[in-house]
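The block underneath contains the structure these notes are about, expressed in structure tokens.
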Amino acid sequence: MTETTGIATLLPFDDHERGLAGESASAEGRLASAGRPILGTSVAIDCPDNTGAGEILLRSPMVMSGYWRRPEESAAALGKGGWLGTGDIGRIDADGYLHVVDRKEDLVTTQGANVFPGEVERVVVEHPAVTEAAVIGVPDATYGVALCASVELVEGTDLTLPELQEHCRSRLARFKVPRQLEVVQILPRTPSGKVLRRMIRDRYWADNERQVN
């Protein structure tokens with residue numbers, strides 16, 4: 001991100017070696033982490049939920065002092081006692097390793113609970129017919145907001161919503177199972193290949209008075 005330079009966290013070579021060697025479950029789990037803060041950098045979690053996940057905050061000499069001639073945006077970004085809000089959701093484990101969970105703007109609140117789309121997407125793509133997936137919150141008459149899985153399929157295959165739901169129920173909590181399914185030829189992506197959830201989501205909310213982030 002442009003609001004800070006260099007790196008904020010690092011997973012050392014020794015941690016990679018121990019994880020790849022399967023030294024322990026915790027060592028293997030660290031391979032999926034972003035490591036621990038480097039010298040001179042502090043990382044904190046803002047308003048963590050019951051799983052310990054919340055917005056990742058950074059503070060270090062490398063963090064910007066503010067946006068040029070944009071005082072309101074500067075105050076919003078650095079308004080937590082000089083901590084920079086990254087817009088990413090993460091948690092810090094007992095050993096101080098940072099695990100990035102998702103983007104704050106992609107968080108979906110449905111049935112009174114927060115759902116991280118990335119968690120659901122990882123389960124959806126385990127279905128043998130699915131090659132890529134994006135999970136978003138869409139308008140729903142019953143819950144206000146429901147989960148929708150937009151998917152690309154293996155050529156020559158089909159997938160119905162009941163089939164996807166059956167696949168997900170044994171792997172996810174009930175409120176995390178998608179209630180809608182959209183099959184597409186190609187999901188919108190950035191030039192680097194990252195799926196753009198917002199472009200998919202905007203189609204569903206364009207004519208709706210209520211909006212989700």
* **Residue among Glu152, Glu166 that is at pLDDT 95 or above, touching a Ser or Thr at 6+ places or on another chain (Cβ under 8 Å) and not aliphatic (A, V, I, L, M)** => Glu152
* Quick one: which strands (runs of 3 or more DSSP E) lie wholly within region 104-178 and hold at least 3 residues that are closer than 16 Å to Ala53 by Cβ and not assigned by TED's automatic domain parsing to the domain that holds Thr51? => 113-115
* To do: Could you tell me whether any residue of region 174-187 is surrounded by 13 or more Cβ atoms within 10 Å (Cβ to Cβ) and either on the phi > 0 side of the Ramachandran plot or without any contact (Cβ under 8 Å) to a residue 12 or more places away in the chain (or both)?
  => no
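The values are calculated or read from the model by the stated rules, or taken from the named source; none is laboratory data. Source: prediction; values computed, not measured. In this analysis, Cβ positions are derived from the backbone assuming ideal geometry, glycine residues included, and neighbour counts consider all displayed protein chains.
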